[in-house]
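Notes follow once the structure below has been shown.
The values are calculated or read from the model by the stated rules, or taken from the named source; none is laboratory data. Just so it is clear, the structure is predicted and the values come from calculations on it, not from any experiment. Positions of Cβ are generated from backbone atoms using ideal geometry, with glycine treated the same way; all protein chains shown enter the neighbour counts. Ligands, DNA and RNA are excluded from the accessible area calculation, which covers all protein heavy atoms including side chains. Shrake-Rupley method; radii C 1.70, N 1.55, O 1.52, S 1.80 Å.
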Amino acid sequence: MISCKNLTKIYRNGEVETIALNNVSFEIAKDEFVSIIGPSGSGKSTLMHILGALDNPTSGEYFLDNREVSKLNDDELSELRKNKIGFVFQSFNLLPRTTVLRNVMLPLLYTKTTSQERLLRAKECLRYAGMEENKFQNLSNQLSGGQMQRVAIARALINNPSIILADEPTGNLDTKTSRIVMEALQELNKKGHTIILITHEIDVANYANRIIHVRDGKIEKDTRK
Amino acid sequence: MFSDLFNETIWSLMGNKVRSGLTILGIVISIASVITMVSIGQGAQKSIEDRIQSIGSNLIMISPGAQKSGILMGGQGGAQTLTVSDVEAIQNEAQGISGVAPEVSNRYQITAKENNTNTRVVGTSSDYAEVRNIEIDLGTFLSDQHAKKSSKVAVIGPTTRNDLFGEGIDPLGKVIKINNVDFEVIGLTVSKGGSGFNNADDVIYIPLNTFGHFLSNSEYVSSINVVAESQDTMFLAQEQITEILRRHKIEDPTKANFSITNQTDIISTASDITGTMTLLLSSIAGISLLVGGIGIMNMMLTTVTERTREIGLRKAVGIKKAYINLQFLTEAVMLTFIGGAMGVFLGWIASLIIPKFSESLSTEISLSSIFLAFGVSAGVGVVFGFYPARRAANLSPIEALRYE
């Protein structure tokens, strides 16, 4: 489903060139749960941005569902993100002072769905992500970290995407909440979602079936369970 | 799609009431202050115009020339060259005039039964009331009969009445002494307002001849005011008066020892004054608009910068740039229009209320100032609400999300 060939990303900051990704090639099949692990500065975040269609590689090719992503323009990338990719961020990135339901429905804005459909799907996704029913009308800033991340997961699910990209989803959570969030992701994987997890903690990475180790912009090791 | 847009805008404005409130407040104050300030200025301008109008219309003023003693020139109007016979000549010979009001005045000590005061006594004719727009509150103004008979009658201003008899007292038929000559009060003028040395309310009018016989013992008058029948006859009248006065006075017409001014000169002076006023007003309005505009700009810039992360998130979940731009544009338009409408309302109310607190201030609401204030604030608000949002929407979602 995902196929990357010779992905290279070079950041230029004035005279200084930083090679974030150096000729990376790999494939991820449907239904896989992959962890991409590496220390900070290894290029794992850059890799995730490219996989999430948030950024284009300097060179190389990235196919998502047989579509060449690196050639798309800004609007086409938006369309792709909307339909194929769900994001779960380390810092949750919920709209502040906004209800849980409205946060989850955000990706459905400006689509041809009625508000009834949106509400129905949002509730469904929230239940799916393990959110308590009585919290649906709460404002996002009244939630605990674990609850916020579950709202973020529900939001990632709402467009029924092919891949869910989780960038350090447990980075701001304690051990117990981390475990709940990771189990939720595992559950989603079992239900057929492809999940790509970016982390620097091996404990977290171990929830996945496959671990790709990244260091200095290269794949160091690719192990499957 | 539009319902989504509308929904999002309302949600976003309602979701942060303090932020929206402050932005609206900034717009309200800037618009209201411009409208109020311009309306006060225009009111002042109008009251100046009214006062000039109240001097009288179609007026020709004749004043004596300068006093010459050897080679020394005195001030204009200092000479005693106009006499009662000049007045009569103009009255009898000039065409196209409807009234002649000579004037001679001096300050005298006036005594009534118990009180006394020092005020200006004006000797004049019955036409003076029409020429100078003097209205009578009680009794009558001086008549031609009074002039012919040199009657010892007086018409007094309300301030003089207050000084001599007390406020609200009917002065008709009472006797006052001017320079130890008894005069009977026959009229009281309506208050014109004003203060100081030439207060139009603190004055006594008596017939011209009476002034000459009993007070000054001379034939001279200090000025002659003539009213032309209309604007059209003004020029003709002025020509004739010049002829008549030349015949009476001097051999060499190039050395005329009197000068004639007409209303046109005053109007041109007045338009100079109003021109300066307009300039003053425009600069005040301009400065307040600039200050208000900068305030709105600040508010909008901080708001959008603060929301860069939100813009990043919207992009990340796949909302197209165009929709994000549109939402911020709608928000800016809504804020500025709500603020604008409230500002116009507030400015309007303030312009109506201010004259109630201070009698010397009058206001005149001008539509152009409303449009200008509204237009500039709305323009600034929309541009600075939209432009930074557009810039943020052009960032890559990662950059926008990382924005602190």
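For chain A, what relative contact order do you get, as a whole percent, if you take Cα pairs closer than 8 Å and at least 6 residues apart?
Across chain A, relative contact order equals 30 percent.
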For B:K177, go through the lysines and keep the ones whose alpha-carbon is under 23 Å away, minus same-chain ones fewer than eight residues off.
B:K113, B:K148, B:K149, B:K152
Considering only protein heavy atoms and a 1.4 Å probe, what is the carbon-and-sulfur percentage of the accessible area of chain A?
45 percent
A:K225/A:S59 FRET efficiency (R0 30 Å; Cβ-Cβ; nearest 0.05)
0.40
Hey, if you put +1 on the Cβ of every Lys and Arg and -1 on every Asp and Glu Cβ in chain A, which of A:C125, A:L64, A:A208 ends up farthest toward the positive end of that dipole?
A:C125
3J(HN,Hα) from dihedral phi, the range A:199-206, Karplus parametrisation 6.51/-1.76/1.60, rounded to Hz, x for glycine, proline:
7, 10, 9, 5, 4, 5, 4, 5
Eligible lysines near A:K135 by straight Cα distance, threshold 22 Å, same-chain separation 8 or greater
A:K123, A:K176
List the residues whose amide H sits under 5 Å from the amide H of B:V122, counting only those 5 or more places along or on another chain, with H placed 1.01 Å from N in the peptide plane.
B:I204, B:Y205, B:I206
Classify the protein assembly as shown: rounded, prolate or oblate, from the alpha-carbon gyration tensor (a ≥ b ≥ c, eigenvalue square roots; a/c under 1.5 rounded; otherwise prolate if a/b is larger than b/c)?
prolate
Cα centroid distance between the range B:321-387 and the range A:69-99, in Å?
37 Å
Protein accessible area in the range B:82-256, 1.4 Å probe - carbon and sulfur %:
44 percent
Which whole-Hz ³J(HN,Hα) couplings does the range B:133-149 yield from phi under the Karplus relation 6.51 cos²θ - 1.76 cosθ + 1.60, θ = phi - 60°, glycine and proline marked x?
6, 8, 10, 9, 8, 10, x, 9, 8, 4, 10, 5, 4, 4, 5, 4, 8
For the range B:82-256, what ratio Rg/Rh do Cα atoms give with a Kirkwood hydrodynamic radius?
1.01
Furthest towards positive pole of dipole, A:L54, A:V100, A:S25, structure part chain A, Cβ charges
A:V100
Using a 1.4 Å probe and ignoring any ligands, DNA or RNA, find the accessible area of B:W11 and quote it in Å² to the nearest 10.
90 Å²
Report, for the protein assembly as shown, the % of DSSP beta bridges that are antiparallel, rounded to 5.
70 percent
Return the long-range amide H neighbours of A:N23 (sequence gap of 5 or more, or a different chain), with a cut-off of under 5 Å between placed amide H atoms.
A:T8, A:K9
Taking the dipole of the range B:82-256 about the Cα centre (Lys, Arg +1; Asp, Glu -1; charges at Cβ), the one of B:V153, B:I206, B:Y108 that reaches farthest to the positive side is B:Y108
Among B:V317, B:V87, B:V304, which one moves the most in a GNM of chain B with springs linking Cα atoms closer than 10 Å?
B:V317
Cα gyration tensor category, rounded, prolate or oblate, for chain B with a/c compared to 1.5:
prolate
Residues B:I349 and A:E187, FRET efficiency given R0 of 56 Å [Cβ-Cβ distance, rounded to 0.05]:
0.35
Quote to one decimal, in nm, the extra length available between B:I136 and B:E306 on full extension: 0.36 nm per residue of separation minus the C-alpha distance between them.
54.3 nm
Considering only protein heavy atoms, with the full assembly of protein chains and a 1.4 angstrom probe, order B:K17, B:K356, B:K315 by accessible area, largest first.
B:K356, B:K17, B:K315
If r is the Cβ-Cβ distance from A:Q116 to B:I338 and R0 is 35 Å, what FRET efficiency results, to the nearest 0.05?
0.70
Amide H contacts under 5 Å for A:I195, restricted to residues at least 5 apart in sequence or on another chain and with H modeled in the peptide plane, are A:E32, A:F33, A:V34, A:I164
Accessible area in the full protein assembly, largest first, 1.4 Å probe, for B:I354, B:I90:
B:I354, B:I90
Based on the alpha-carbon gyration tensor of the range A:140-210 and its eigenvalue square roots a ≥ b ≥ c, which shape applies: rounded if a/c is under 1.5, prolate if not and a/b is larger than b/c, or oblate?
oblate
At what distance in angstrom do the alpha carbon centres of the range A:118-187 and the range B:1-61 lie from each other?
49 Å
Angle check, please: helix A:115-128 long axis (alpha carbons) against the longest principal axis of chain A (alpha carbons), in degrees 0 to 90, nearest 10.
70 degrees
Given Cα pairs under 8 Å that are at least 6 residues apart, what percent is the relative contact order of the range A:151-225?
26 percent
